[in-house]
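The values are calculated or read from the model by the stated rules, or taken from the named source; none is laboratory data. None of these values were measured; they are calculated from a predicted model. Every residue, glycine as well, gets a Cβ built from its backbone with ideal geometry; the counts of neighbours run over all protein chains shown. Protein only, heavy atoms only, side chains kept; ligands, DNA and RNA dropped before computing areas. Shrake-Rupley method; radii C 1.70, N 1.55, O 1.52, S 1.80 Å.
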Amino acid sequence: MLHLVKCAYLRVLLTPLSCINPLNEYDLIRGCIRGSAKCQRDLYERYAGKMYAVCLRYARTREDAADILQEGFLKVFSKLEQFQFQGSFEGWIRRVMVNTALRAYQKQRFEYEQSGYERLPESPVDPDAVAMLSEEELLNLVRQLPDGYRAVFNLVAIEGYSHAEAAEVLGIQESTSRSQLTKARRHLETELIKIEKITDRAL
Amino acid sequence: MENPEQKLDDLFRQRLHGAEVPPPPFVWPALEAELRKKRRRPILLFWLLGFIGVCTGMGLWYFITMDQTSSLASSAPNPSEQEALGPESKTLTMATGETTPVPEPAAAEPRQEMEPSTTQSAKGQLRSRGVAQKAENVKVKGLETRPQAYSMPESPFVETSVDVPLAAAETSTISGSVEAGENQANQTLAKSSLDQTAAVTLPPQMLGRSLRAPLITPKKFKTTNSKSSSRQKLCYDFTRQPSAWLVDVYGGPSLAQRSLTSALDDQPYLNQRLSTEHRNLAYQAGARVSLMFKGNFLVRSGVHYEQITETFEYIDPTSVTYILTYFPGNPVPDTVGVLYGENYLKTYNRYFFVDVPLTVGMEMRSGRTGFSINAGIMANLLFNQRGVIIDPQSHQPARFGPIGKVAPKTALSEEVFRPSAGLSATASVQWFWHLSPHYRIFVEPSFRQILRPVSLASHPVEHRYSIFSLKLGATKIF
């Protein structure tokens with residue numbers, strides 16, 4: 001027998017706001033290593049939000065970001081024994097996610113050089129304009145970058161890699177990394193200026 | 001002066017480095033399914049090992065019982081021969097058919113006292129063909145004279161029909177000694193090669209022969225014979241008729257193991273399919289005709305019906321509502337809640353198979369029970385499907401097959417499955433038990449692998465099935 005279509009099905013999920021107790025984190029990790037389904041679910045719920053934001057910065061589309069998130073967490077669960085409880089666990093997961101995202105990026109063979117914005121903007125970007133934007137909008141701005149610019153910008157500007165490290169990870173020259181970053185900044189500034197002008201006109 | 005470019009980097013880093021965005025709801029179910037697969041693989045391995053162990057145990061049990069049955073048959077007398085001779089037969093004959101040398105009796109040996117049971121058995125032994133007529137006047141101490149047509153009283157022993165080709169000289173010697181009386185009877189007993197009992201002194205070679213070829217079987221063996229004969233009566237006698245036709249009907253539950261792989265490396269679509277479609281019930285039924293030849297070998301064919309049901313459950317992932325709270329002085333709101341919702345859809349996808357199996361097998365029997373091993377192929381005659389699937393282009397639910405309007409029909413939703421499932425490989429082990437010579441019931445775990453995907457090559461996801469079934473049925477032997 002077929003079930004009837006249900007309309008307007010709602011489910012509320014509250015994001016966790018509490019800080020992580022280091023002792024609970026240890027038990028959580030040990031539980032995941034043992035294969036406890038509940039611990040795996042808890043770990044996912046704690047870090048999925050932040051890691052999805054990381055994936056959104058690297059991926060072309062939301063679907064790609066979800067795909068990278070799933071693959072990244074699979075790697076986290078399978079390599080959890082390698083975590084030595086030295087340093088931040090969040091940082092360890094973040095590195096796994098970034099590596100997964102970059103592997104997906106290299107698999108898709110993005111072209112570095114796309115229509116770039118070579119011309120410098122006429123005026124510098126107002127920091128307040130950036131502050132007015134939501135995280136979602138900033139993520140969209142980053143996601144709109146051409147693929148090569150986006151990877152370098154994420155690694156160097158946001159993650160804090162050096163150009164040498166980013167070049168090694170991406171398999172490019174250091175000079176290419178520098179030029180890609182510059183082009184990424186130009187692109188972002190152009191977009192931010194557009195948004196600023198639109199906001200000013202609205203006001 | 002601060003580098004403006006560096007400032008831009010810092011702004012983005014401060015806002016985005018610790019940013020948090022709730023992931024889509026279908027990510028965790030797909031992830032959980034992958035994690036469960038890894039946990040389940042050892043369990044499936046244990047089941048497989050258990051199945052192999054059961055089959056091995058059944059095979060060992062069959063061979064062991066066969067050995068016991070064959071050893072029992074060699075020691076016990078043949079009941080058919082017993083019946084043929086009839087109850088009146090009192091002939092005592094040797095099993096080996098050899099003539100035994102009659103030992104010379106000791107000249108001064110005193111007459112031995114014999115036990116009543118011994119004397120009775122001795123009297124029975126004297127009823128050989130050669131001496132029957134001469135036994136009228138035998139007077140052995142403790143024995144009564146019996147007429148020629150003597151029927152044995154109730155004796156703990158049952159006479160068996162074993163021919164004794166005595167030499168003519170021995171016969172005359174025995175007959176002569178019978179006439180003489182008591183001592184002569186003793187001598188005859190000593191000379192007779194038919195004596196079984198240990199109470200009478202016999203040369204060792206005769207005792208040895210008696211152990212090898214028992215002439216008298218105790219009554220307790222009668223009970224065993226009746227049991228084995230009753231067992232044999234309940235079984236079809238394939239030794240007399242090695243060829244027979246068998247008709248089976250069966251049914252039972254199945255476990256359909258589905259495999260979805262991304263043929264065109266379309267992982268997001270594959271994830272959607274994995275998260276929306278889940279396994280449900282499956283069952284199978286059918287009828288088979290089998291030809292048994294040479295008593296052990298089978299060729300089977302028939303009609304097989306299989307139905308697989310899966311649950312389709314979908315929540316529109318693009319419909320996400322964030323509940324934000326603005327705090328004074330902070331232009332960036334805090335996300336305190338997320339609503340996932342709208343367009344919840346749950347329905348059941350059904351896949352129907354009608355196949356013609358063609359298998360060969362080998363049957364092994366032990367009494368009323370036995371087992372057979374079968375393997376072969378199945379050719380699909382009919383493959384129908386109906387249900388809802390995620391459209392590969394729109395990523396929304398779309399219906400296929402004759403199902404109600406629970407979801408729209410799209411150009412691609414009807415181009416998912418092949419018109420026929422094609423060939424399948426199948427194997428099974430059947431354990432049966434005879435209710436009567438012509439009827440038996442069976443339990444048959446079986447495995448079926450549909451050799452090619454049930455989805456079209458143009459579909460981005462490859463859809464395959466492996467099916468484990470348990471057939472419960474009955475067979476009539478013609």
Original post:
Quick one: is B:K409 in contact (Cβ under 8 Å) with a residue 60 or more places away in the chain and either open to solvent by 40 Å² or more (accessible area, probe 1.4 Å) or of a type in the set (K, R) (or both)?
Top reply: no
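Within the range A:65-74, restricting attention to residues that are more than 7 Å from chain B (Cβ to nearest Cβ) and within 11 Å of B:P268 (Cβ to Cβ), which residue is surrounded by the fewest Cβ atoms within 10 Å (Cβ to Cβ)?
It comes out as A:I68.
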Subject >> Yes/no for B:F312 being among the hydrophobic types (A, V, I, L, M, F, W, C) and modelled with pLDDT of 85 or more >> reply: yes
Original post:
Tally time: how many residues in the range B:463-477 are open to solvent by less than 60 Å² (accessible area, probe 1.4 Å) and either of a type in the set (A, V, I, L, M) or closer than 12 Å to B:L260 by Cα (or both)?
Top reply: 6
Original post:
So which residues in the range B:292-313 are open to solvent by 60 Å² or more (accessible area, probe 1.4 Å), over 13 Å from B:R350 (Cβ atoms) and either part of a strand (DSSP E or B) or touching a His at 6+ places or on another chain (Cβ under 9 Å) (or both)?
Top reply: B:F293, B:F297, B:V303, B:E313
**OP:** Could you identify the single residue in A:G171, A:G160 that is surrounded by fewer than 18 Cβ atoms within 10 Å (Cβ to Cβ) and at the interface with another protein chain (Cβ under 10 Å from one of its Cβ atoms)?
**Re:** A:G160
Original post:
Does B:F297 satisfy the criteria of being within 14 Å of chain A (Cβ to nearest Cβ) and at pLDDT 85 or above?
Top reply: no
Subject >> Candidate set from the range B:20-36 (those that are of a type in the set (D, E) and out of contact with any Gly (no Cβ under 8 Å at 6 or more places or on another chain)); member that is nearest to the other protein chains (Cβ to nearest Cβ) >> reply: B:E34
Subject >> Options B:A33, B:A19: the member that is surrounded by 13 or more Cβ atoms within 10 Å (Cβ to Cβ), part of a helix (DSSP H, G or I) and modelled with pLDDT of 85 or more >> reply: B:A33
Original post:
Looking only at residues in the range A:136-157 that are among the β-branched types (V, I, T) and out of contact with any His (no Cβ under 8 Å at 6 or more places or on another chain), which one is nearest to the other protein chains (Cβ to nearest Cβ)?
Top reply: A:V142
Original post:
What do you reckon, is A:R201 modelled with pLDDT of 85 or more, surrounded by fewer than 18 Cβ atoms within 10 Å (Cβ to Cβ) and more than 9 Å from every other protein chain (Cβ to nearest Cβ)?
Top reply: no
Original post:
Out of all the residues in the range B:53-75, is one or more more than 9 Å from chain A (Cβ to nearest Cβ), in contact with a Phe, Trp or Tyr (Cβ under 8 Å, 6 or more places away or on another chain) and at pLDDT below 65?
Top reply: yes
Original post:
Any residue in the range B:435-443 that is surrounded by 21 or more Cβ atoms within 10 Å (Cβ to Cβ), in contact with a Leu (Cβ under 8 Å, 6 or more places away or on another chain) and farther than 14 Å from B:S254 by Cα?
Top reply: no
**OP:** Could you tell me which numbered condition B:A457 fails, if it satisfies all but one of (1) open to solvent by 70 Å² or more (accessible area, probe 1.4 Å); (2) part of a strand (DSSP E or B); (3) modelled with pLDDT under 90?
**Re:** (2)
Original post:
Of the residues B:G387, B:G422, which single one is open to solvent by less than 20 Å² (accessible area, probe 1.4 Å) and within 14 Å of chain A (Cβ to nearest Cβ)?
Top reply: B:G387
